[in-house]
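Have a look at the structure below before the remarks.
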């Protein structure tokens, strides 16, 4: 069976937030909830890099491990889903998640957080009818044979979703194409050079100008 | 020689070029597939315009949550929140089994102790004369605090261990309302317990000041070690220990519980992870010790439960378990019989230290 994964190619991400918008639109999540986000490190500097993050559907998911109600569970294809009927809003998944994926509609006194919401890999969740499923969890595109809308709509195909093996193959091809002889297992040329000479922001700016 | 060389040269050239082509071809294969090289594309060119190198410092930044922006509104979420995994490991691998060992172990010790030693009975028959030990207000306070403690302990244990028991046993139809009710009870009664605990601690502070004889009491294990009854005032050293445990660990549990219970103050996840660990370790410890307190106050000691039930204890019980208190009450009674320390116990002198 396939294991579904997201992968964001930081080299390609242009921080357009198309994935964020696509997700909101596909899943009609409540106001204030944003299942996908784009994180930018070193914003405005030559070393700036952006990456789109949502639930990474971990193999050994910390949220599942700490949930006191077993709201969270993993499907055979690796997708981590949640059962809103079981959620008590304790917030443990939020404490545990490395990616800040679980979100709550409220943050009130006496731990009144409402029911947790997070990325479903566009695979819906447990419900009696399709309408109820859409209402609670948003789209179930996986059941229709489609991939998550965020990845489908990514303008630079930075965000990839699908079977881990295929996603890894695509990424490996890209990396080889970029000039890494061994699929990026060793450092790239600039990194190697910087490691010996000591990296500085000025060097990077100079290099980019010189090499056109 | 001449002809041979003349024939060898093209052969040699061919052999070298084939070798060359084989070696280079394998390197160039991947790059040439798209034919992009014709447009001036080189691997070096792409690397030159690529994002900066990911260095150890980049990962340090990610780990420490430095210098990042996030497109989510009011977000404090770093790219990777490493502490979550530490919290999960501590909670699931140490606190959960540790709490089970502490609480289960305490139950086992109490059971074994009861089966072997049995109830601590009165050494001499009751005199029938009673002494006031706990006023109605004090008893009300004790039982309010005790009820809240038991409710919080049961719901807290359910939050930590319930999913392993009740969900498989009764299914989701039972489990869903049970666990959501559990969380409601725990979160709303918690602050009440905190208030009540502070009131009780304030009320009973003066009777729990440690004295010299308390140390002897501890060394003799409250009378378990050796045959003698160690000296004890109104509160014995065991009761004082329980008081100071509640005054320290109890307040810590209340404080950490409030941190968890009121996320509306925008405290971060890291703060709540710490609060959760302190809360869990402290409260599991308190539950274990409380089992001992409950045992001693009910099954373990003859005449102890009636003190907190009726407020009065028998003279014999007082003499046996709280001899210093008994002596002082009797002295007061001798000095001022009108205060009637014994019998109806209305005297204020019922609790010198």
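Some points to look at:
- Pairs with Cβ under 8 Å, 6+ apart, first in segment A:68-90 and within 12 Å of another protein chain (Cβ to nearest Cβ) and without any contact (Cβ under 8 Å) to a residue 12 or more places away in the chain, second surrounded by fewer than 23 Cβ atoms within 10 Å (Cβ to Cβ) and outside any loop (DSSP other than H, G, I, E, B): A:73/A:64; A:73/A:81
- Residue within segment A:20-32 that is crowded, with 20+ Cβ neighbours inside 10 Å, more than 7 Å from every other protein chain (Cβ to nearest Cβ), at pLDDT below 95 and assigned to a loop (DSSP other than H, G, I, E, B) present: yes
- Filtered residues of segment B:127-154 (kept if in contact with a strand residue (DSSP E or B) (Cβ under 8 Å, 6 or more places away or on another chain) and loosely packed, with under 14 Cβ neighbours inside 10 Å): B:127, B:128, B:129
- Exactly one residue out of B:145, B:160 is over 13 Å from residue A:86 (Cα atoms), at pLDDT 95 or above and at the interface with chain A (Cβ under 10 Å from one of its Cβ atoms): that is B:160.
- Any chance residue A:51 is in a strand (DSSP E or B), under 16 Å from the mean Cα position of the chain (by Cα) and either in the same structural domain as residue A:139 (by TED's automatic domain parsing) or surrounded by 20 or more Cβ atoms within 10 Å (Cβ to Cβ) (or both): yes
- Evaluation of residue A:106 against (1) within 27 Å of residue B:71 (Cβ to Cβ); (2) surrounded by 18 or more Cβ atoms within 10 Å (Cβ to Cβ) (one fails), failing number: (2)
- The residues of segment A:68-83 that are out of contact with any strand residue (DSSP E or B) (no Cβ under 8 Å at 6 or more places or on another chain) and either surrounded by fewer than 24 Cβ atoms within 10 Å (Cβ to Cβ) or outside any loop (DSSP other than H, G, I, E, B) (or both), listed by number, are A:68, A:70, A:76.
- Count of segment B:114-133 residues which are part of a helix (DSSP H, G or I) and in contact (Cβ under 8 Å) with a residue 40 or more places away in the chain: 1
- Test: residue in segment A:39-54 that is out of contact with any helix residue (DSSP H, G or I) (no Cβ under 9 Å at 6 or more places or on another chain) and more than 12 Å from chain B (Cβ to nearest Cβ): no
- Subset of segment B:47-68 that is modelled with pLDDT of 75 or more and not in a helix (DSSP H, G or I) - its residue that is farthest from the other protein chains (Cβ to nearest Cβ): B:65
- Extreme residue, farthest from residue B:187 (Cα to Cα), among residues of segment A:118-149 that are within 13 Å of chain B (Cβ to nearest Cβ) and buried (at least 22 other Cβ atoms within 10 Å of the Cβ): A:119
- Close pairs from segment B:227-253: first without any contact (Cβ under 8 Å) to a residue 40 or more places away in the chain, partner assigned to a loop (DSSP other than H, G, I, E, B), Cβ under 7 Å, at least 6 apart: B:228/B:220; B:230/B:220; B:240/B:210
- Boolean, residue A:98 is more than 9 Å from chain B (Cβ to nearest Cβ) and surrounded by fewer than 23 Cβ atoms within 10 Å (Cβ to Cβ): no
- The set of residues from segment B:257-284 being within 13 Å of chain A (Cβ to nearest Cβ), part of a helix (DSSP H, G or I) and closer than 20 Å to residue B:196 by Cβ comprises B:257, B:258, B:259, B:260, B:261, B:279.
- Residues satisfying the stated conditions in segment B:69-79, i.e. surrounded by fewer than 19 Cβ atoms within 10 Å (Cβ to Cβ), facing another protein chain (nearest Cβ under 7 Å) and either in contact (Cβ under 8 Å) with a residue 40 or more places away in the chain or touching a helix residue (DSSP H, G or I) at 6+ places or on another chain (Cβ under 8 Å) (or both): B:71
One line per residue, one yes/no per condition, for (1) surrounded by fewer than 19 Cβ atoms within 10 Å (Cβ to Cβ); (2) in contact with a strand residue (DSSP E or B) (Cβ under 8 Å, 6 or more places away or on another chain):
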{"residue": "B:266", "(1), (2)": "yes, no"}
{"residue": "B:271", "(1), (2)": "yes, no"}
{"residue": "B:276", "(1), (2)": "no, no"}
{"residue": "B:286", "(1), (2)": "no, no"}
{"residue": "B:298", "(1), (2)": "yes, no"}
{"residue": "B:305", "(1), (2)": "yes, no"}
{"residue": "B:316", "(1), (2)": "no, no"}
{"residue": "B:319", "(1), (2)": "no, no"}
{"residue": "B:326", "(1), (2)": "no, yes"}
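- Residue list for segment A:33-48, restricted to those being within 12 Å of the chain's Cα centre (by Cα) and in a strand (DSSP E or B): A:37, A:38, A:39
The values are calculated or read from the model by the stated rules, or taken from the named source; none is laboratory data. Because the structure is a prediction, the values reported are computed rather than measured. Cβ coordinates were reconstructed from backbone atoms using ideal geometry, including for glycine residues, and neighbour counts include every protein chain displayed.
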